[in-house]
1. So for segment 40-122, Kirkwood radius off the Cα pairs, Stokes-Einstein at 25 °C and 0.890 mPa s: how many µm² s⁻¹?
2. With r as the distance between the Cβ atoms of LYS252 and ASN87 and R0 = 30 Å, compute the FRET efficiency 1/(1 + (r/R0)^6) and round to 0.05.
3. Name the long-range amide H neighbours of PHE242: under 5 Å, sequence gap of 5 or more, or other chain; modelled H, no Pro or chain starts.
4. Spin-label point model (7 Å from Cα, Cβ direction): what's the LYS194 to ASP236 distance in nm?
5. Over 33 Å apart: what share of the alpha carbon pairs of segment 33-274 falls there, rounded to a whole percent?
6. Loop only per DSSP, at most 11 neighbouring Cβ atoms within 10 Å: give me the GluC sites (Glu not before Pro) in segment 69-164, ordered by residue number.
7. Local charge sum around LYS66 (other residues, Cβ-Cβ under 12 Å, Lys/Arg +1, Asp/Glu -1)?
8. Tally Lys/Arg at +1 and Asp/Glu at -1 over every other residue whose Cβ is under 14 Å from the Cβ of TYR105; what's the total?
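Values quoted throughout were computed directly from the atomic coordinates according to the rules given, and no laboratory measurement underlies them. Remember, it's a predicted structure, so these values are computed and weren't measured experimentally. So basically every Cβ, Gly included, is an ideal-geometry build from the backbone, and we count neighbours across all protein chains shown.
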Amino acid sequence: MLKDFFMGLSQNQFLNSTAKKYGLKMGAQSVVAGTNIEEAIKSIKELNAHGISCTVDNLGEFVFKKEEATAAKEQILEVIEAIHKNNVDAHISLKPTQLGLDIDYYFCLENLREIVDKANTYDIFVNFDMEDYGHLKPSFDLLDELSMEYNNVGTVIQAYFFEAGENLEKYKNYRLRIVKGAYKEPEQYAYQDKKDIDKNFIKLIEWHLLNGKFTSIATHDHRIINHVKDFVKKNDIPKDKFEFQMLYGFRKDLQLKLANEGYNFCTYVPFGNDWYGYFMRRLAERPQNLNLVAKQVFNKKTNTMIGLAAGAFLIGRMSKQQKKRK
Ligand SMILES: Cc1cc2nc3c(=O)[nH]c(=O)nc-3n(C[C@H](O)[C@H](O)[C@H](O)COP(=O)(O)OP(=O)(O)OC[C@H]3O[C@@H](n4cnc5c(N)ncnc54)[C@H](O)[C@@H]3O)c2cc1C
């Protein structure tokens, strides 16, 4: 119920644009590394100082206007320039819908090509984050086209999809991030039960590690991390063949501990004004993350946002029920 509530909110266009006006609020400031490139670079330098590399996400998704997609592309190009100029240990994560996938496939392809090309000149890797099921195939198509020209690209395999194993085999020669999956997906495409998702997640990680290509294991789940530590030891998988990844601001102690133990560690560093959808998905994943909001709840603007959010959710539910009745 709570998961559905926050998932519903994550896709609400009105709340998304309202949130942009308010700046980082509702506790988002503890899991988003600022609103501009300078703040993001500062956070990256701090993480690098602890031996942690970063993947930078200029927040934004589900863009439906060409000028917004173009602006997002320009910002990502600036991030690439800033990574190079500051000589920090970081690469790029981006979402195809931010670069116009919902507007026009070829427009998005050209935006991505420009980004990948610039990153390539500086030897910077670009990861295509994976979004919901509706965008899965076109995102893989974009990757297929660009990987014919460049080898600094990779993507994500989401373990909740029934087809994840098939996709892993198809992309076995790529640098891959393996995750459980963050969106609400229909039963015909995805496991719904946490146990099934965890089981498939472990299976995919082991498969790609044994396959020998670089694997990013992206999870905050200490049980899975411990399992992977045992697995790599038993199978003599060298430490330079994989890394652990976590999101900025989450389990900071564990992030440092893993880096101090000598594992490659990469923090996903999101920044920018378009934080709302990202933040709502984090609340949907783990109700305890509401602690982040609770600390801010006496802030007047936050109360307005929560009020608007609850209102929008209730209206959404009521109209759905009415439609069902019809
Ligand atoms: C770096 C990174 C990149 C990602 N990229 C994508 C992507 O491109 N596409 C996509 O669909 N999804 C992506 N995700 C999200 C991912 O799919 C999951 O939704 C998300 O990571 C939650 O699953 P989990 O494995 O971290 O832990 P969960 O399944 O949420 O939790 C499992 C257990 O781990 C422990 N735990 C989890 N979080 C915490 C915490 N904060 N503090 C203490 N204990 C905790 C708890 O014991 C919990 O019961 C990404 C995640 C990361 C970390």
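1. Using the Kirkwood radius from Cα pairs, D works out to 187 µm²/s.
2. After rounding to 0.05, the efficiency reads 0.80.
3. THR215
4. 3.8
5. For segment 33-274, the fraction of Cα-Cα distances above 33 Å is 14 percent.
6. GLU149
7. Once positives and negatives cancel, what remains is -3.
8. Neighbour charge sum, excluding TYR105 itself: -3.
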